[in-house]
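The values are calculated or read from the model by the stated rules, or taken from the named source; none is laboratory data. The structure displayed is predicted, hence computed values, not measured ones. Here the Cβ positions follow ideal geometry from the backbone for every residue, glycine too, while neighbour counts run over all protein chains shown. Accessible surface is based on the protein model in full, side chains and every heavy atom, while ligands, DNA and RNA are left aside. Shrake-Rupley method; radii C 1.70, N 1.55, O 1.52, S 1.80 Å.
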Amino acid sequence: MNTEDAVLAAAEDLLVRLLQPPIFNHCARVFEYARAIAANEDCAVDVAALRVASLFHDAGTADEYDGPQRFEVEGADAAAAFLTTHGWEAPRVDSVWEAIALHTSPQIAERRGPVARYLRLGVRADFGDDTLLPRAEKHRSEVEAMYPRLMIEQCLGQTVVEQALRNPEKAPPSSWPGGLLQAHPGRTHAQGINPAF
């Protein structure tokens, strides 16, 4: 196993332990979709950086990384620390950090380089935007067979809201977490919160 493969394996091993299974599966699906969209657009993207960004993009929902900042920033910081420890150069680390920090920012992430663009598009694809995927129905069924959805829509929204209820500064107004928090009153956990963005 070469050094880069070892880093990717270590990232996956870490996140499969720290993330709730629906969130880990979502992260894995996002990579599969992001890679397919990049290939369909004939874009040369740093696949290893895209893989790490995909795996870590919701790492801020893990108890281990539940710090005072928005979950997107906590996940970006966690990925940067992980990659720096594994010897990645600063420009690659920065591309991963930016992609994760911006992944809930429509019309911004798509313009901040290939890793940020394809992470954002992969997230959109996983939450139902079939216009982005070549052979959407077949591709989606194959990916979801490998990584079942496991009620990700409820799990992710609830986790972000629960963090924000403990610390409202994690959900500033006009942010995606802020929108979820604002929509929270009057809802029960069983109803779930649609994480589409």
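Sorted from largest to smallest, which semi-axis lengths in Å does the alpha carbon gyration tensor of segment 82-139 give for its equivalent ellipsoid, taking the root of 5 times each eigenvalue?
26, 13, 9
Over the residues of segment 90-176, compute the C-alpha Rg and express it relative to 2.2 N^0.38 Å.
1.25
Determine the share of the chain's accessible area contributed by carbon and sulfur atoms, expressed in whole percent, with a 1.4 angstrom probe.
Reported share for carbon and sulfur atoms: 52 percent.
Lys and Arg at +1, Asp and Glu at -1: add these up for the other residues within a Cβ distance under 13 Å of residue 76 and post the number.
Cβ neighbours under 13 Å give a net charge of -4.
So what is the calculated 222 nm ellipticity per residue for the chain, using -39500 (n - 2.57) for each DSSP H run with n of 4 or more, over all residues, to the nearest 500 deg cm²/dmol?
Numbers: 9 runs with 120 residues, N = 197.
Taking each H run of at least 4 residues, the total per residue is -19500 deg cm²/dmol.
Quote the relative contact order of segment 1-115 in percent (integer), defining contacts as alpha-carbon pairs under 8 Å separated by 6+ residues.
25 percent
Classify segment 27-115 as rounded, prolate or oblate from the Cα gyration tensor: take a ≥ b ≥ c as the square roots of its eigenvalues, call it rounded if a/c is under 1.5, otherwise prolate when a/b beats b/c and oblate if not. Don't jump to the answer; show the numbers that get you there.
Working: a/c = 1.74, a/b = 1.42, b/c = 1.22.
The shape class here is prolate.
Compute the relative contact order of the chain as a whole-number percentage, counting only Cα pairs closer than 8 Å that sit 6 or more residues apart in sequence.
23 percent.
Compare the peptides 17-23, 142-148, 115-121 by average per-residue count of other Cβ atoms within 10 angstrom and give them in order, highest first.
On the way: 17-23: 17.4, 142-148: 14.0, 115-121: 27.3.
By packing density, highest mean first, the sequence is 115-121, 17-23, 142-148.
Alpha carbon centre of segment 112-156 versus segment 1-49: separation in Å?
12 Å
With +1 on each Lys and Arg Cβ and -1 on each Asp and Glu Cβ, how big is the dipole of the chain about its Cα centre, in debye rounded to the nearest 20?
Magnitude of the dipole: close to 460 debye.
Mind jotting down the three principal axis lengths of segment 54-104 based on Cα atoms? Whole angstrom, largest first.
26, 21, 18
What's the magnitude of the charge dipole for segment 56-159 around its Cα centre, counting Lys and Arg as +1 and Asp and Glu as -1 at the beta-carbon? Answer in Debye, nearest 20.
In total the dipole reaches around 460 debye.
Around residue 16, with a cut-off of 15 angstrom between Cβ atoms, what is the net charge of the other residues, counting Lys and Arg +1 and Asp and Glu -1?
-2
Over all directions, what mean area does the Cα convex hull of segment 40-197 project, stated in square nanometres? Mind dumping the intermediate values first?
Details: hull surface 39.6 nm².
Answer in nm², one decimal: 9.9.
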